[in-house]
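Only one structure is covered here, and it is reproduced in the block below.
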Amino acid sequence: MTDDLMVQFLSEGRELVASAEHDLASLARRPDDAGALDGCFRAIHTLKGSAGLFDLRPMSLMLHAAEDLLTLLRAERTGVAEDFEALFSVVDTVDRWLDALDRTGVLPADADLAGESETRRLRALVASVSAATDTAARTAPTSWRPPQAFDGLGATAVRYTPRADSYFSGDDPIAIVAAMPGLAGLQVSPREAWGGLEDYDPYACNLVLEAVSTAGRSEVEAAFRFVAGQIEVVDLTAEETVPAPEQGARKTLRIDAERVDRLAALAGDLIIAKNGLADLAAQAEGLPGGQALGQALRARQVQLDRLVGDLHATVGKVRLVALGPLFARFHRLAREIARSLDKTVSLEVEGGDVEVDKTIVDGLFEPLLHVLRNAIDHGVEPADVRARAGKPAAASIRFTARAVADQVVIEVRDDGAGIDPAGIRALAVQRGVLTRDTADRLDDQASIDLIFTPGFSSASEVSAVSGRGVGMDVVRDAAQKLGGKVIVDSRVGKGATVRFILPVTMVLTKVMVVTCGEERYGLALDTVVETVRVPTERIVPVRAGRAFQLRDAVVPLVSLGDLVGAVASGHRPSERVVVARARGELVGFSVDAIVDRMDATVRPMTGLLAGAPGVMGATLLADGAVLMVLDPAELVL
Amino acid sequence: MTVLNDGPIIRLRGVCRVEDAEPLTALLQGVSDSTLDLSMCEGLHAAVVQAILAFRPTIVGLPDDPFLRDRLLPALTGGRPSDVSRP
């Protein structure tokens, strides 16, 4: 029970941290953003409440102090950079503690001390804000109550009473209201009763305009800045929604990811069970007098096909989650990495609402972190170099996501030094990855792609942050495991962009089923180029291996049975060969027979076989047997 | 010329500016039960709006401008769309 609660606290906690961070970032830019201030208050308030459910005293105390500061800022609206920095630091600390709770189940050892220091810093700010506002003149609270008709129409209501000489001074109060952002409702009435209309003065302004807007207070006030003394503004959202969370706004249901995974696995198995029906229909049709039964079976199979396809797609959509929370985790990490390297970066995130399969979100954290580290460590120049190049002191790193058809494109773009192709070539030669000749023949894009070569690390000196001998090959492998790819664009002096192109959902993989000895194996069909039968006498030994001629090319031939350790079959007059493309080169795999082609959901191997080289995953066959699906490209490494 | 007196109907055409408030007031003061056609109206100055509010003519015709049609007109007719009909 407690475990369930903790799991929920961790996942909600991360969302609240992300939302508070987002609001604080807005406040750092616009300290008078009332919406962001309210949002931040709600997040901190909810976090504090949740922390109270567990024995997390340092967290509760620190959040309590943060809430006090926010309460004061909301009442007086005098937030300054120092306030927001302190609050940022609190949110970062909570984020770190959540990570620790996730890993170890307890707060880190220094939590008491760290929490106390944060709390002291907040208390000092609370004291200074209170002192400042005691002397400052307070704005007179408005006595105006917005009309009931405005309920639920927007966030901010305004009452605008133009002066009687407004028309003479050139104001058009209607135009001013029309220009207000997010206008959602308007009421026009006379300021004073009309009296006798025979004396009506068309040039004496006698209007009261009441309007409601979906925009925040500050935007509304900005629209009326030239007539600021003539308006009264009321926040419609502030009073009732804080501290109560948005009731009814949430139409989502929090479901344990494992249950969804189980559902997806069942839907996947159903596809395979359905595949068996086609076989059965064919068999029935072959029986004497079975024609009608076979056709009926086939008709049912077609129907089932469609339903199962729909089910699979729908389950796939259940698994879609927004990228926002993943992106949000990088704000703190970017600040920490930059601080450790004595650099300043500003991380911007766009497209956090793009949804992709949960597996992809889960699998992206490590590679994105790696790319982020690389960008800050190797991409972003030291402060003096940036200054000389006329770039802003804070480097900009942008995470963006956008959906393109059934793919999602995720980019990490920095405005650093970019990747120098000549430098990469020189390093590659120096590290023995390439010969001088080969290196000189490479064009710039191909040179940049060298950073994906295993063992290649472009840092000319190993740093504590990213130069740990782990190259970008890890990033490329991760992208490929998720069914996608990664490319790098770079402009020297302007910056680099690492672009992931990934499927939105985990798709059905087309698999070719082959046999070697007694065993059946799957080969991912997207790597298979063609299948050929090669007479044994056309196979020639080449050094330790064998090769055969395929039209005008010589293709190396390997026995799949040898690779997977299957029992070798005896001599045959000709070989069945599956020609596949592995790392850009054609390779022939000799097999005993090609049995089938099928669509399958290939699941990664778990347990002991998780890291087995050349194994992409496994899928279930119609008869319930497990089929190992091999990746030819990895097999011949 | 944006205020047109077309027999029993007063038509507002194009963008009505502050100086249109006076001729409109004169026309509205002349008849007890006037009709105002806004179908060709593209913009109303507050002084013109105020005259309409004061004299409450029957409004016909829907302007194309979304602000006029969806925000201002309902405010002038008390939100009763039945007050506004196509001429």
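A short reminder: the numbers here are calculations on the coordinates, not readings from a lab. Just so it is clear, the model here is predicted, and its values are computed rather than measured. Methodologically, a virtual Cβ is constructed for each residue, glycine included, from the backbone with ideal geometry; neighbour enumeration extends over all protein chains shown.
With contributions of -39500 (n - 2.57) from each DSSP H run of at least four residues, the per-residue ellipticity at 222 nm computed over chain A stands at -14000 deg cm²/dmol. Net charge dipole, the protein assembly as shown: roughly 1940 debye, given to the nearest 20, about the Cα centre with Cβ charges of +1 for Lys and Arg and -1 for Asp and Glu.
For the pair segment A:422-444 and segment A:297-323, the centres of their Cα atoms are 49 angstrom apart. Once you order the gyration tensor axes a ≥ b ≥ c over the Cα atoms, which shape class does chain B get: rounded for a/c under 1.5, otherwise prolate or oblate by comparing a/b with b/c? The shape class here is rounded. Give the range of the longest stretch in chain A that excludes all trypsin sites (Lys or Arg not before Pro) found in loop regions by DSSP and having at most 16 other beta-carbon atoms within 10 Å. The reported range is A:255-430. Take the Cα of A:Ala273, step 7 Å toward its Cβ, do the same at A:Ala81, and the gap between the two points is 6.4 nm.
Each of B:Leu73, A:Leu263 was scored by other Cβ atoms within 10 Å of its Cβ. Arranged with the fewest first, they read A:Leu263, B:Leu73.
Close Lys pairs in the protein assembly as shown (alpha-carbon distance under 30 Å; sequence gap of 8 or more, or different chains): 22. Here the label points at A:Trp194 and A:Phe168, each 7 Å from Cα along the C-beta direction, are separated by 2.4 nm in the simple model. Can you give me the Cα centroid spacing of segment A:146-223 and segment B:21-40 in angstrom? Taking the Cα centre of segment B:21-40 as reference, the centre of segment A:146-223 is 22 Å away. Comparing B:Gly14, A:Thr505, A:Leu333 along the charge dipole axis of the protein assembly as shown, the residue lying farthest to the positive side is A:Thr505, per the Cβ-charge model.
Electrostatic bookkeeping for A:Arg581 treats Lys and Arg as +1 and Asp and Glu as -1; over the other residues with beta carbon under 13 Å from its beta carbon, the sum is -4. Averaging the sequence gap over all C-alpha pairs within less than 8 Å and six or more residues apart, then dividing by the number of residues, gives segment B:3-83 a relative contact order of 28 percent.
Model label sites at A:Ser128 and B:Thr77, defined 7 Å from Cα along the beta-carbon direction, differ in position by 5.9 nm. Computing FRET efficiency as 1/(1 + (r/R0)^6) for A:Ala100 and A:Glu634, where r is the C-beta to C-beta distance and R0 is 35 Å, gives about 0.45.
Going by C-beta contacts inside 10 Å, put B:Thr58, A:Thr536 in order with the fewest on the left. Don't skip to the answer; put the middle values down first.
Details: B:Thr58 14, A:Thr536 11.
Ranked by crowding around the Cβ, least crowded first: A:Thr536, B:Thr58.
When the Cα positions of A:Ser346, A:Thr93, A:Ala265 are compared along the charge dipole of chain A, A:Ala265 comes out farthest toward the positive end, with charges on each C-beta of Lys, Arg, Asp and Glu.
Per-residue extension of 0.36 nm, minus the Cα-Cα distance of A:Asp477 and A:Asp353, leaves a gain of 42.1 nm for this segment. Shown for A:His571, B:His45, A:His64: other C-beta atoms within 10 Å of each C-beta, ranked fewest to most, produce the order A:His571, A:His64, B:His45.
Compared with the rule-of-thumb size 2.2 N^0.38 Å for a compact globular protein, chain A has a Cα radius of gyration ratio of 1.28.
Tell me, in nm to one decimal, what length is gained between A:Gln549 and A:Asp151 on full extension, where the rule is 0.36 nm per residue of separation less the Cα-Cα distance? Using 0.36 nm per residue and subtracting the Cα-Cα distance, I get 135.4 nm. Subtracting the Cα-Cα distance of A:Glu537 and A:Ala257 from their residue separation scaled by 0.36 nm leaves 95.2 nm. The alpha carbon centroids of segment A:66-103 and segment A:5-50 are separated by 9 Å.
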